[in-house]
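> I'd like to ask some things about the structure below.
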Amino acid sequence: MKGIFVDGQFKPFRQIPALPEGYPGPVIRTSTIFFVKGNFGRVTCQRLVSGPFEIWHSVYEVAQDCRMRFHHKKAFLGVHAVLEGEGYYEVNGFQPVRFQEQECNFYYLPLLDSTVQLEKRKRYQSLNMCLRAAQVKPYLAHFDTGQRFTKKLFQKEPVVLYQDPLLMGFALKGIIKEILTFTAAIDQQDLFLKIKIHEFLFYLFGASLPVDPIRPEIKDRLLEVKKTIEQQFTQHFTIRQLARKSGMNTTSFKIAFKRAFGMAPFEYLVEVRMQHAVSLLQKRDLSIQRVADAAGYKSFGSFIKAFKRRFGVTPGQIKKTFPNES
């Protein structure tokens, strides 16, 4: 994106070597900085390209009421998150929507063309994660909502994951903070961001489960099984044991669980274990063997294989991306 339109007038970005004086946002290492200012105020963008991912963090310091339009001939596939302030968005292909602070959504736009109304003497921060279809494909396949998204995506039609923006919870906000404040070795940055973006996508798509026709009493029993998996993920359950807890036979249980939560029971168990393993890898004093044990794996080799299948890298590679604890 070469610039923005402010009240119909194009304002080109210029690349600057350092963040402007008084900049109120985070400092993203190795990013390219773009800047524009005028009577409307000033806009500072940090662009970080990391492998297949592209991150844009933008701060808008607004001096007068204005409409900003963002236009790019390339398609956009990814996350838009509002970190500070709230704005009324008009996105090509969708009804106008108001993004509140700490809300996000996931879009595919064949042509990026959106406008937002900003108010004077206010500050706004946003984050865009630009992705490729290959990175999103596993989530589209695992979660039922992804089937509708995939159809629109392949037809090159505009599509959004949520009808209304999602209010980000503690997990999503924490992941964004880690992405924006990465402090480990620069040569580990690409790997770190890959893991964090995939972690963000898991929580984002996992929260997008549709309302299903499962009877309330059955849904309550499934929620109990889900809670059991989350609290006792080190246990080695059989599908029959989990089905018995739900009061269903194994076939009905597997179908109902995936319909309710978007993943098969054992897929969900593995995901819970993997997320716990990633959190433990941040503890520098824990060996990978101990992490494997704590994540519920009897076999070290099975843990390594499952981890690499989930994240595409080994636990040792991930461990190196986290800074030493003080």
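> Working carefully through the options 17, 52, find the one that is assigned by TED's automatic domain parsing to the domain that holds residue 180 and either touching an Asp or Glu at 6+ places or on another chain (Cβ under 9 Å) or in contact (Cβ under 8 Å) with a residue 60 or more places away in the chain (or both).
From the options 17, 52, the qualifying one is 52.
> Going through region 275-300 one residue at a time, which ones are part of a loop (DSSP other than H, G, I, E, B) and of a type outside the set (Phe, Trp, Tyr)?
To start, the set of residues in region 275-300 that are part of a loop (DSSP other than H, G, I, E, B) comprises 282-287, 295-299.
282, 283, 284, 285, 286, 287, 295, 296, 298, 299 - these are the residues of region 275-300 that are part of a loop (DSSP other than H, G, I, E, B) and of a type outside the set (Phe, Trp, Tyr).
> Further question: For region 113-140, which residues satisfy the criterion of being more than 14 Å from residue 198 (Cβ to Cβ), of a type outside the set (D, E, K, R) and not in a helix (DSSP H, G or I)?
Scanning region 113-140 gives 114, 115, 116, 117, 118, 124, 125, 126, 127, 128, 130.
> Which residue pairs have Cβ atoms under 9 Å apart, sit 6 or more places apart or on different chains, and have a first residue in region 100-112 that is part of a loop (DSSP other than H, G, I, E, B) and a second that is of a type in the set (Asp, Glu)?
Cβ pairs passing all conditions: 100/86; 101/84; 101/86; 102/84; 110/157.
> In region 115-124, is there at least one residue being of a type in the set (S, T, N, Q), farther than 22 Å from residue 311 by Cα, touching a Cys at 6+ places or on another chain (Cβ under 9 Å) and assigned by TED's automatic domain parsing to the domain that holds residue 31?
Residues of region 115-124 that are of a type in the set (S, T, N, Q), as a first pass: 115, 117.
Retained after the next criterion (residues that are farther than 22 Å from residue 311 by Cα): 115, 117.
Cutting the leftovers down to touching a Cys at 6+ places or on another chain (Cβ under 9 Å) gives us 117.
Checking which are assigned by TED's automatic domain parsing to the domain that holds residue 31 leaves us with 117.
Yes, region 115-124 contains at least one residue that is of a type in the set (S, T, N, Q), farther than 22 Å from residue 311 by Cα, touching a Cys at 6+ places or on another chain (Cβ under 9 Å) and assigned by TED's automatic domain parsing to the domain that holds residue 31.
> Is it the case, given these coordinates, that residue 103 is over 23 Å from residue 310 (Cα atoms) and surrounded by fewer than 16 Cβ atoms within 10 Å (Cβ to Cβ)?
Answer is no for this residue.
> Determine which single condition residue 29 fails, assuming it passes every other condition in (1) assigned to a strand (DSSP E or B); (2) out of contact with any strand residue (DSSP E or B) (no Cβ under 8 Å at 6 or more places or on another chain).
Residue 29 satisfies every listed condition except (1).
> Name the residue that is farthest from residue 164 (Cα to Cα), counting only residues in region 46-81 that are buried (at least 16 other Cβ atoms within 10 Å of the Cβ) and among the polar types (S, T, N, Q).
The extreme case among them is 50.
> I'd like the full set of residues that are without any contact (Cβ under 8 Å) to a residue 24 or more places away in the chain and assigned to a helix (DSSP H, G or I), limited to region 141-160.
Those that are without any contact (Cβ under 8 Å) to a residue 24 or more places away in the chain and assigned to a helix (DSSP H, G or I): 141, 147, 148, 150, 151, 154.
> Regarding residue 97, is this residue β-branched (Val, Ile, Thr) and modelled with pLDDT of 95 or more? Working first, answer last.
Details: β-branched (Val, Ile, Thr): yes; modelled with pLDDT of 95 or more: no.
When the stated conditions are applied, residue 97 does not pass them.
> Considering each residue of region 270-326, count those that are in contact (Cβ under 8 Å) with a residue 40 or more places away in the chain and aromatic (Phe, Trp, Tyr), and give that number.
2
> Do you know which of the residues in region 73-99 that are of a type in the set (Asp, Glu) and not in a loop (DSSP other than H, G, I, E, B) is farthest from the chain's Cα centre (by Cα)?
90
> Determine, yes or no, whether residue 303 is in a helix (DSSP H, G or I) and over 29 Å from residue 148 (Cα atoms).
Considered against the rule, which asks whether it is in a helix (DSSP H, G or I) and over 29 Å from residue 148 (Cα atoms), residue 303 comes out as yes.
> Filter region 141-161 down to the residues that are within 14 Å of residue 201 (Cβ to Cβ) and surrounded by fewer than 18 Cβ atoms within 10 Å (Cβ to Cβ) and list them by number. So that I can check it myself, show each step before the final result.
Here is the first cut: in region 141-161, the residues within 14 Å of residue 201 (Cβ to Cβ) are 141-143, 145-146, 149, 161.
Across region 141-161, the qualifying residue is only 141.
> I've got another one for you. Given the options 5, 34, 70, 10, name the one that is without any contact (Cβ under 8 Å) to a residue 12 or more places away in the chain, of a type in the set (Phe, Trp, Tyr) and not in a loop (DSSP other than H, G, I, E, B).
Just one listed residue meets the conditions, 10.
> What number of residues within region 220-251 are out of contact with any Leu (no Cβ under 8 Å at 6 or more places or on another chain) and in a helix (DSSP H, G or I)? Please lay out each step first, then the result.
Quick first cut of region 220-251, residues out of contact with any Leu (no Cβ under 8 Å at 6 or more places or on another chain) only: 220-224, 226-227, 230-232, 234-236, 238-245, 247-251.
Among the residues that remain, those that are also in a helix (DSSP H, G or I) are: 220-224, 226-227, 230-231, 239-245, 250-251.
Of the residues in that region, 18 qualify.
> In the list 243, 306, which residue meets the criterion of being in contact with a Ser or Thr (Cβ under 6 Å, 6 or more places away or on another chain) and either buried (at least 16 other Cβ atoms within 10 Å of the Cβ) or under 29 Å from residue 167 (Cα atoms) (or both)?
Matching residue, one of 243, 306: 243.
The values are calculated or read from the model by the stated rules, or taken from the named source; none is laboratory data. Source: prediction; values computed, not measured. No Cβ is skipped: glycine too gets one built from the backbone with ideal geometry, and neighbour counts run over all protein chains shown.
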